[in-house]
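Chemist: One structure coming up, written as structure tokens, with questions to follow.
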Amino acid sequence: MSEVKISAATRTEFGKGAARRIRREDKVPGVLYGHGSDPLHLTLPGHDLLMALRTPNVLIALDIDGKTNELAIPKSVQRDPLKGFLEHVDLLLVKRGERVNVDIYVHTEGELAPGGFLLEHVLNALPVEAEATHIPESVTVSVEGLAAGDSILAKDITLPKGTTLAVEEDAVVLQVLAAQAEEASEGEEAEGEEAAEA
């Protein structure tokens, strides 16, 4: 679990105009909330935040106005749909030793059994509970030799020490499907014949 230090400043201006001014300065408006405290509105350095968010579930050590140090994890990130730059970030305040619920990415390794099978990610991310300063970035699952009808359940995935499932044990995470290409092409031919008769 990587911890990234970022300097932030509290902000008193709100609204779209203020947010646009902040973004023009290559900064990002954000909100820090949690532990029953009032939301704290912040301005964060755009480039530093963008680099930090490349790590899933990154732990951010915030230096706020050079006076306060807080730990936070990203809870919601808004990006410009066309240009991809950061528009706003919600950060959740966490404490060392505290357990938090997060989603971690599921990576696969290995080859499916021969036969043109398809691997479906029923859950792209696995909900888990982990200590705030030891959140795993991802888990890796072997799909070696799996064939149609095979599936991997949440309970089948080996989690890092100190991490527990935050989803039903029998939840399907990955499943292998038979390829449907031939049936689809036959159906398309039948539709084409019907169209020609009409």
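The values are calculated or read from the model by the stated rules, or taken from the named source; none is laboratory data. If you're wondering where the values come from, they're calculated on a predicted model, not measured in any experiment. Every residue, glycine among them, receives a Cβ derived from its backbone with ideal geometry; neighbour counts consider all protein chains shown. Each accessible area value is taken on the protein alone, full model and side chains, heavy atoms only, with ligands, DNA and RNA left out. Shrake-Rupley method; radii C 1.70, N 1.55, O 1.52, S 1.80 Å.
Chemist: From Cα pairs below 8 angstrom and at least 6 apart in sequence, can you work out the relative contact order of the chain, rounded to a whole percent?
Modeler: 17 percent
Chemist: A further question follows. Among HIS35, HIS134, HIS121, which one shows the biggest mean-square fluctuation in a GNM of the chain, springs joining Cα atoms closer than 10 Å?
Modeler: Sorting by GNM fluctuation, first place goes to HIS35.
Chemist: For helix 181-197, report the angle its Cα long axis makes with the longest principal axis of the Cα atoms of the chain; keep it between 0 and 90° and round to the nearest 10°.
Modeler: Approximately 70 degrees, to the nearest 10.
Chemist: Can I ask one more? Which of the following values of Rg and Dmax of the Cα atoms in Å was calculated from the structure shown: (1) 20.8, 65; (2) 22.8, 78; (3) 17.0, 59?
Modeler: Structure-derived value, by its label: (2).
Chemist: Follow-up. From the backbone phi of region 17-23, what are the Karplus-calculated ³J(HN,Hα) couplings (6.51 cos²θ - 1.76 cosθ + 1.60, θ = phi - 60°) in whole Hz, Gly and Pro given as x?
Modeler: Once rounded to whole Hz, the list reads x, 5, 4, 5, 4, 4, 5.
Chemist: Subtracting the Cα-Cα distance from 0.36 nm times the residue separation, let me have the gained length for GLU137 to HIS47 in nm, one decimal.
Modeler: On the way: separation 90, 0.36 × 90 = 32.40 nm, distance 2.09 nm.
Net length gain for the segment: 30.3 nm.
Chemist: Can you run phi through the Karplus equation (6.51, -1.76, 1.60; θ = phi - 60°) for region 86-95 and list ³J(HN,Hα) in whole Hz, with x for Gly and Pro?
Modeler: Going residue by residue, I get 6, 9, 6, 9, 9, 10, 9, 5, 10, 10 Hz, with x marking Gly and Pro.
Chemist: Among DSSP beta bridges lying fully in the chain, give the percent that are antiparallel, nearest 5. Let's see the in-between values first.
Modeler: On the way: 38 of 53 bridges.
Just about 70 percent of them are antiparallel.
Chemist: Please give the solvent-accessible surface of GLU3 in Å², to the nearest 10, using a probe radius of 1.4 Å with every protein chain present.
Modeler: Here the accessible area works out near 80 Å².
Chemist: Another one. What net charge do the residues around ILE73 carry, taking every other residue with its C-beta under 14 Å from that of ILE73, with Lys and Arg at +1 and Asp and Glu at -1? Present the calculation step by step, with values, prior to reporting the outcome.
Modeler: Details: positive: LYS75, LYS95, ARG96, ARG99; negative: GLU3, GLU70, ASP90, GLU98, ASP103, GLU129, GLU131, GLU137.
Net charge in that neighbourhood comes out at -4.
Chemist: Please say if region 57-118 is rounded, prolate or oblate, where rounded means a/c under 1.5 for a ≥ b ≥ c the square roots of the C-alpha gyration tensor eigenvalues, and otherwise the choice is prolate for a/b larger than b/c and oblate otherwise?
Modeler: Values: a/c = 4.03, a/b = 1.83, b/c = 2.20.
Oblate, since a/c reaches 1.5 and b/c is not below a/b.
Chemist: Exceeding 24 Å between C-alpha atoms, which entries from my cross-link table qualify? They are LYS16/LYS75; LYS27/LYS95; LYS5/LYS155; LYS16/LYS95. Numbers along the way, then the final one.
Modeler: Values: LYS16/LYS75 21 Å; LYS27/LYS95 26 Å; LYS5/LYS155 35 Å; LYS16/LYS95 32 Å.
LYS27/LYS95; LYS5/LYS155; LYS16/LYS95, as the Cα separations exceed 24 Å there.
Chemist: Please report the carbon-and-sulfur percent of the accessible area for the chain; probe 1.4 Å, protein heavy atoms only, DNA, RNA and ligands left out. Spell out each step's value before the answer.
Modeler: Numbers: 5720 of 11840 Å².
That share works out to 48 percent.
Chemist: Give or take rounding to whole Å, what are the principal axis extents of the alpha carbon atoms in region 4-116, in descending order?
Modeler: Principal-axis extents of region 4-116 (Cα, largest first): 60, 39, 22 Å.
Chemist: At 222 nm, what helix-only mean residue ellipticity would the chain give, in deg cm²/dmol to the nearest 500, using -39500 (n - 2.57) for each DSSP H run of four or more? It would help to have the intermediate numbers written out before the result.
Modeler: Details: 3 runs with 33 residues, N = 198.
Computed mean residue ellipticity for the chain: -5000 deg cm²/dmol.
Chemist: Going from most exposed to least, what order do PHE85, PHE117 have by accessible area with a 1.4 Å probe?
Modeler: Details: PHE85 90, PHE117 55 Å².
I get PHE85, PHE117, largest accessible area first.
Chemist: Considering amide H positions built from the backbone, and no H for Pro or chain starts, which residues 5 or more places from ILE104, or on another chain, come under 5 Å of its amide H?
Modeler: It is LEU126, VAL128, by chain and number.
Chemist: Further question: Taking every DSSP beta bridge with both residues inside region 1-92, roughly what % is antiparallel (nearest 5)?
Modeler: Here the antiparallel bridges make up roughly 65 percent for region 1-92.
Chemist: Sorted by average packing, counted as other Cβ atoms within 10 angstrom per residue and highest first, what order do 47-54, 144-151, 14-21 take?
Modeler: Numbers: 47-54: 15.6, 144-151: 13.6, 14-21: 11.5.
Descending packing order for the listed peptides: 47-54, 144-151, 14-21.
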